[in-house]
Amino acid sequence: MRIFVDGGCRHNGQLGSIGACAAVFKSPDGTILDSYGNCLPYDPRPTSQRAELTAIILALQKVVDKDDTLPNNPWLDVKIYSDSYYAVSCMREWIHNWRRNGWINAAGNSVMNQDLIRWADELDDEIQKLGSVEYCWIPREQNQHADRFVNEIMDAHRQGQHFYGCDTLGCLTEYRS
């Protein structure tokens with residue numbers, strides 16, 4: 001599975017900020033198979049980093065959900081592509097030291113966004129039992145579909161267009177293209 005993820009936040013970290021995330025499933029030839037997106041909850045206050053991590057969680061959760069519908073428990077080969085160096089580094093590199101150090105960073109402080117990183121780590125562990133997960137950094141130009149979807153979600157949210165429902169992220173709004 002090839003999944004392109006993105007997160008965005010307008011008025012980053014400020015009162016009234018709006019955050020959104022998206023996960024776009026693509027075939028090897030680049031055809032879009034499925035797209036999922038969410039607005040971030042207002043508490044804790046949305047930031048770009050939280051949006052990028054939530055996009056990874058959305059992708060991982062959708063993989064877990066899809067696996068439940070597949071026959072014969074196939075081997076999962078999941079590649080998640082993100083233009084966020086921070087999010088990719090969290091999942092690919094830094095998380096190992098943080099776990100070892102009791103979720104304390106190199107500066108001696110608690111790891112920021114620890115709630116989301118731990119959640120993503122739990123989902124990653126679940127998928128690792130069924131296959132493999134790889135996190136790949138890509139330039140922003142190679143992530144246009146996910147980026148566009150995130151901006152569409154934030155535009156719709158700002159204009160008061162809401163689609164209410166309950167989803168795995170606990171957000172009130174889920175968008176699907």
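Residues of region 13-31 that are hydrophobic (A, V, I, L, M, F, W, C) and in contact with a strand residue (DSSP E or B) (Cβ under 6 Å, 6 or more places away or on another chain): I18, A20, C21, A22, A23, V24, F25. Residues of region 116-151 being free of Cβ contacts under 8 Å to residues at least 24 places away in the same chain and charged (D, E, K, R), which ones? If the condition is that a residue be free of Cβ contacts under 8 Å to residues at least 24 places away in the same chain and charged (D, E, K, R), then R118, E122, D125, K129, E141, R148 are the ones that fit. There is at least one residue in region 76-87 that is in contact with a strand residue (DSSP E or B) (Cβ under 8 Å, 6 or more places away or on another chain), farther than 24 Å from M154 by Cβ and of a type in the set (D, E, K, R).
For region 55-91, residues that are among the hydroxyl-bearing types (S, T, Y) and in contact with a helix residue (DSSP H, G or I) (Cβ under 6 Å, 6 or more places away or on another chain) total 3.
For region 82-98, filtering for residues that are within 14 Å of D124 (Cα to Cα) and over 13 Å from the mean Cα position of the chain (by Cα) leaves 4. Of the residues making up region 107-124, those that are of a type outside the set (D, E) and under 14 Å from L58 (Cβ atoms) are L116, W119, A120, L123.
Read-outs throughout are calculated quantities, based only on the coordinates presented, and are distinct from any laboratory measurement. A quick note: this is a predicted structure, and the numbers were derived from the prediction, not measured. We place every Cβ from the backbone using ideal geometry, glycine too, and count neighbours over all the protein chains shown.
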